[in-house]
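Below is one structure, written out as structure tokens; comments come after it.
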Amino acid sequence: MNKIQSNKTGAEKIISVYWFAIIFIVAAAIVYMTASFYGKPYDVRQIEADLLTNKVAECISEAGYLNEKILNQQFAENFPENCNINLNVEDAYGWREQEQYYLELNLVGFSSDEKILEVKKGNPNLKSFCNLKGENLPYCLERNLYVIDKNNIQYRANILSIIRKTEKNAQ
């Protein structure tokens with residue numbers, strides 16, 4: 001009854017060529033997307049500077065009031081250790097010889113601008129890069145925090161955090 005017979009083997013050969021072409025295109029697209037996504041390192045210096053600034057802010061302000069311990073000179077001298085701040089870095093790109101962080105805290109009176117406390121830790125040479133524009137420069141973050149002590153005396157804390165790590169993050 002069926003007078004027309006189809007050639008199934010020829011159709012299967014044509015479909016298999018297209019099937020391999022589609023698989024090759026999909027595989028090439030996956031390889032390209034993966035290489036473009038993982039090809040550049042993430043620049044996390046901004047997040048690191050933000051975390052460092054927040055850690056300093058938590059240390060100087062307890063429950064909304066000035067932490068009275070920071071006014072002690074010994075506490076200020078060992079500020080990173082007393083605030084559980086670790087400024088050590090991994091030994092990549094020779095970073096142990098040149099510090100990759102700089103932290104500066106200035107606590108001044110709110111109305112008088114009288115300097116109450118000054119803490120500078122890390123590599124002070126990084127501060128000269130803060131006003132420059134460019135991709136391979138250290139990341140600088142400056143924030144101000146207003147706090148009061150238990151006697152309602154107002155203070156302003158100026159926090160400067162600088163993260164270098166340009167070899168790893170800014171490529």
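The values are calculated or read from the model by the stated rules, or taken from the named source; none is laboratory data. This is a predicted model, so every value here is computed, not measured. All Cβ positions, glycine included, derive from the backbone under ideal geometry; neighbour counts span all protein chains shown. Side chains are part of the model used for accessible areas, which takes the heavy atoms of the whole protein and leaves out ligands, DNA and RNA. Shrake-Rupley method; radii C 1.70, N 1.55, O 1.52, S 1.80 Å.
Between residues in region 108-135 that are open to solvent by 50 Å² or more (accessible area, probe 1.4 Å) and residues that are part of a loop (DSSP other than H, G, I, E, B), which pairs lie under 7 Å by C-beta distance while being six or more apart or on different chains?
As it stands, the answer is Lys121/Leu87; Phe129/Leu137; Phe129/Pro138; Glu135/Ala170, since those pairs meet every condition given.
Residues of region 63-73 being modelled with pLDDT of 85 or more and open to solvent by 30 Å² or more (accessible area, probe 1.4 Å), which ones?
Of everything in region 63-73, those that are modelled with pLDDT of 85 or more and open to solvent by 30 Å² or more (accessible area, probe 1.4 Å) turn out to be Tyr65, Glu68, Lys69.
Mind telling me which of the residues Glu77, Glu97 ends up being among the acidic types (Asp, Glu) and either loosely packed, with under 11 Cβ neighbours inside 10 Å or under 18 Å from Leu51 (Cα atoms) (or both)?
The unique qualifying residue is Glu97.
So, in region 41-58, of the ones that are of a type in the set (S, T, N, Q) and exposed (fewer than 15 other Cβ atoms within 10 Å of the Cβ), which residue ends up modelled with the lowest pLDDT? Write out each step before concluding.
Within region 41-58, the first condition is being of a type in the set (S, T, N, Q), and the residues that meet it are 46, 53-54.
With the extra rule that they be exposed (fewer than 15 other Cβ atoms within 10 Å of the Cβ), the set shrinks to 46, 54.
On the way: Gln46: 88, Asn54: 93.
Per the criteria, the residue is Gln46.
Mind counting the residues in region 136-164 that are surrounded by fewer than 17 Cβ atoms within 10 Å (Cβ to Cβ), at pLDDT below 90 and of a type in the set (D, E, K, R)?
2
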